[in-house]
Amino acid sequence: MPTHKSSEKRERQSQKRKVHNKYYAKTMRNAVKGLRNTTDKQEAEKKLPEVTAMIDKLAKKNIIHKNKAANLKSSLAHQINRMGQE
């Protein structure tokens, strides 16, 4: 357990940030999952910019890594582009 006032405050702040970051990361994962489960190409193309913006915001705030964000966006775009060919 922390013994200094500053380390107690740091612990409180880190717990608060952990809950905040966890919420937004889970929200992003649910949005990605929803987009992946979409079978209609037009609907998926409409959702893609919203999900991409969400991913970019999380990467900017270091909630997810920038390379993970790039990989997610790329794989989602690739999946949507393949929808019409199948």
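Please treat every number below as a calculation from the coordinates, not as lab data. Worth saying up front: this structure is predicted, and the values here are computed from it rather than measured. All Cβ positions, glycine included, derive from the backbone under ideal geometry; neighbour counts span all protein chains shown.
Figures for the structure shown
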item: Gained length - residue 29 relative to residue 74, 0.36 nm times residue gap less alpha-carbon distance; result: 14.7 nm
item: For peptides 58-70, 18-30, sequence by mean Cβ density within 10 Å, most packed first; result: 58-70, 18-30
item: Separation in nanometres of the label points that stand 7 Å from Cα toward Cβ, at residue 3 and residue 37; result: 5.1
item: Quarter of Cα convex hull surface for the chain, i.e. mean projection, nm²; result: 6.5
item: Out-of-range pairs (alpha-carbon distance over 23 Å; input 26/66; 9/57; 33/66; 22/60); result: 9/57
